[in-house]
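Notes for the one structure printed next.
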Amino acid sequence: MTDWIPKFSDVKSLQDLAKVLALPMVMASWVLQSGLQLDFPNSEWALSIPKESELWIKVVLFIIIFFGKCIYAAICGGLVYAALAFATIFTKVEWLLLAAIFLLAFGIFGLAGGIESVEEFELHGLWFYTAVVYAFFLHGANKDMSDA
């Protein structure tokens with residue numbers, strides 16, 4: 001039932017590790033970037049953790065907000081992968097590899113000190129690590145697709 005989820009025991013290379021870490025890193029990056037509040041576009045309704053509430057309320061709200069944001073980020077990350085995979089299949093252009101190259105360049109740019117260049121965007125530093133990991137994931141997926 002959970003064969004589509006890579007197992008830690010299957011990790012033998014960096015690409016295998018990227019398969020395990022890609023989506024959780026996208027989730028963590030999104031939660032860190034957007035903060036611990038749930039708000040909806042074009043709506044005045046929002047859910048956040050009040051500072052003066054009891055501990056159990058804070059824990060419950062944290063779990064709801066964290067899982068809500070993680071589900072949203074996982075859907076977005078999965079849709080990006082699916083769109084690139086379908087584009088690769090139907091156009092015979094290696095879109096996964098092209099995206100991997102640009103993500104790797106973005107990640108190296110940020111890790112090498114480019115964060116100062118994008119500080120005005122208030123981009124969290126974990127995105128650069130996530131870009132590197134997602135690049136290795138996409139490169140591995142491209143290799144798996146070309147082998148099939």
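Taken together, the values in this text are just the output of simple stated rules run on the coordinates, not laboratory data. Not measured: the values here are computed from a predicted model. In this analysis, Cβ positions are derived from the backbone assuming ideal geometry, glycine residues included, and neighbour counts consider all displayed protein chains.
Brief remarks follow.
- Viscosity 0.692 mPa s, temperature 37 °C, Stokes-Einstein D of the range 33-100 from Kirkwood C-alpha radius, µm²/s: 224
- Separation of the SER117 and LYS92 label points, Cα + 7 Å toward Cβ, nm: 3.6
- For the chain, modelled as a GNM whose springs connect Cα atoms under 10 angstrom apart, the maximal fluctuation among ILE57, ILE108, ILE49 occurs at ILE57.
- Note on the chain: Rg/Rh from C-alpha atoms, Kirkwood Rh, equals 1.03.
- For a straight C-alpha distance cut-off of 15 angstrom, the aspartates and glutamates reachable from LYS143 (same-chain residues fewer than eight places away being disregarded) are ASP16, GLU94.
- Förster-model FRET efficiency, 35 Å R0, SER13 and HIS124, C-beta, rounded to 0.05: 0.80
- LEU47 long-range amide H proximity, modeled H, under 5 Å: LEU38, ASP39
- For the chain, the membrane-span-like helices by this rule, meaning whole DSSP H stretches whose C-alpha atoms cover at least 27 Å of axis and whose Kyte-Doolittle mean is 1.0 or above, are 14-34, 55-91; this says nothing about an actual membrane.
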